[in-house]
């Protein structure tokens, strides 16, 4: 079901995606791909009429930004790009 949800999301079929989101077992989706599920839920919260959903999405985003491996990945990408530029100069 997560794949169907993602497919509708990519096609910009937001209403269909929101309807599928209600049917998805959050625990199973988290187990399959927590980052993807959380990201899509955060994005779709902007389509909600419930302001608390946006606040929850912000809290989830803040939690991900605090994780060291995400910050490390960004640093690694920047460092790798810089190293390649230096090599070719």
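The values are calculated or read from the model by the stated rules, or taken from the named source; none is laboratory data. What you see is a predicted model; the values in this text were computed from it and never measured. With ideal geometry, Cβ positions are generated from the backbone for all residues, glycine too; neighbour counts draw on all protein chains shown.
Search the range 43-59 for residues that are touching a residue at least 24 places away in the same chain (Cβ under 8 Å) and pair each with any residue that is exposed (fewer than 12 other Cβ atoms within 10 Å of the Cβ) when their beta-carbon atoms are under 9 Å apart and the residues are at least 6 apart or on different chains.
47/15
Which of the residues that make up the range 41-52 are assigned to a helix (DSSP H, G or I) and exposed (fewer than 11 other Cβ atoms within 10 Å of the Cβ)?
First, pick out the residues of the range 41-52 that are assigned to a helix (DSSP H, G or I): 41-47, 51-52.
Of everything in the range 41-52, those that are assigned to a helix (DSSP H, G or I) and exposed (fewer than 11 other Cβ atoms within 10 Å of the Cβ) turn out to be 46, 51, 52.
So which of 32, 21 ends up being surrounded by 15 or more Cβ atoms within 10 Å (Cβ to Cβ) and either in contact (Cβ under 8 Å) with a residue 40 or more places away in the chain or in a helix (DSSP H, G or I) (or both)? Give the derivation first.
Numbers: 32 fails: surrounded by 15 or more Cβ atoms within 10 Å (Cβ to Cβ).
When all the criteria are applied, what remains is 21.
Looking at the range 4-18, which of its residues are surrounded by fewer than 16 Cβ atoms within 10 Å (Cβ to Cβ) and within 14 Å of the chain's Cα centre (by Cα)? Steps first, please.
Looking only at the range 4-18, we keep the residues that are surrounded by fewer than 16 Cβ atoms within 10 Å (Cβ to Cβ), and these are 4, 7, 10-16, 18.
If the condition is that a residue be surrounded by fewer than 16 Cβ atoms within 10 Å (Cβ to Cβ) and within 14 Å of the chain's Cα centre (by Cα), then 10 is the only one that fits.
Okay, residues lined up against (1) under 19 Å from residue 23 (Cα atoms); (2) part of a helix (DSSP H, G or I); (3) at pLDDT below 75:
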| site | (1), (2), (3) |
| --- | --- |
| 39 | yes, yes, no |
| 54 | no, yes, no |
| 78 | no, yes, yes |
| 81 | no, yes, yes |
